1. So what's the angle, to the nearest 10 degrees on a 0 to 90 scale, between helix 293-305 and the longest Cα principal axis of the chain?
2. Rounded to the nearest 500, what is the chain's calculated 222 nm mean residue ellipticity when only DSSP H runs of at least 4 contribute -39500 (n - 2.57) each, over all residues?
3. If I take every Cα pair under 8 Å that is 6 or more residues apart in segment 31-146, average their sequence separation and divide by the length, what percent do I get for the relative contact order?
4. Which of the following values of Cα extents along the principal axes in Å was calculated from the structure shown: [x] 128, 47, 33; [y] 65, 46, 34; [z] 68, 38, 37?
5. Suppose the chain between Val89 and Ala169 were pulled fully straight at 0.36 nm per residue; how much longer would it get relative to their current alpha carbon spacing?
6. Need one number: nm distance between label points at Asp80 and Gln105, each 7 Å from Cα along Cα→Cβ, rounded to one decimal.
7. For segment 183-311, what is the relative contact order in percent, using Cα pairs closer than 8 Å and at least 6 residues apart in sequence?
8. Using +1 on the beta carbon of Lys and Arg, -1 on that of Asp and Glu, and nothing else charged, what's the dipole of the chain about the Cα centre, debye to 20?
Amino acid sequence: MKRFTTPVILMLILAVLLPACSPASVPQPTATVAMLTVTDGLGRVLTLDLAPQRVISLAPSNTEILYAVGAGSLMVGRDDFSNYPEEVVSLPSVGGSMGDYNLEQITSLQPDLVLAAEINTPEQVKALEDIGIQVYYLSNPTDLEGVFQNLLIVGELTGRQSQAAELAASLRARVETVQQKLAGISERPMVFYELDGSEPAKPWTAGKGTFMDLLIQLAGGENIGASMESSWGQLSLEALLLANPDVILLGDAAYGVTVEQVAARAGWEVIKAVQNQQIVPFNDDMASRPGPRLVDGLEILARILHPQVFE
């Protein structure tokens, strides 16, 4: 019988034992998508991808929020009115200017989330649902705190929770700074906000319940339009002359209305704002879109109404 030396025997033993001692094969984890269950502004309970990669916005306020929380890079489509920030204009538009949206265009962009708002009807939301598209309906806020909450909601929907929380905290601090600076004011100027002056004898303005009314109050002014029964309406020239505003803000400046045109209107020459050259163009997007730029609008208004406080 052939005899084996000790080294050879040890090698044979190791050859048998080593495979048994090797770590078992570990299956590689498969990629999973975290899911989020939420209730939207229509009361719909939705289960959505926690981190969508392709988002379409159906409202300019939603678009501005998406970019503000750091999710602008996810956008693959927008509504016709979304024009801020500037780079969003290069994205494909899915309609909205006439109240209708191009479902075929939306489908072709393959979104995993469409962010709707109150300018969209429940029927439009359902039409998107019916073709298998996930839609979150973001309710319009009624105050600045509601705006900040919408930032947090969109941050959660897009996986940008920390960015949204930081932004909301920063905006709250800016509002508080304005309020602290205005705490000692003794006078609140009367303000007329013009939305549409194509009929100078009956200009359109913003009334109670609008963000313009809220911003004027927070900026240390009194909104003449708050006397109207409706949120939006026409003010007669007689009512305007009786109120005699200290400041006229031109929300229709974007449509070509100028300070000189307003000053030259028949009957307007007796208004204090005209006499004191306190007619000021104003970017209406900062008052009509319930997004983070409302705080920019507040700061601008406060400086217009109380320049001495912010020198």
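Readers should treat all values here as calculations from the given coordinates under stated rules, not as data from a laboratory. What you see is a predicted model, and the numbers here were worked out from it, not measured in a lab. No Cβ is skipped: glycine too gets one built from the backbone with ideal geometry, and neighbour counts run over all protein chains shown.
1. 30
2. -11000 deg cm²/dmol
3. 26 percent.
4. [x]
5. 26.0 nm
6. 0.9
7. 27
8. The calculation lands at about 1700 debye.
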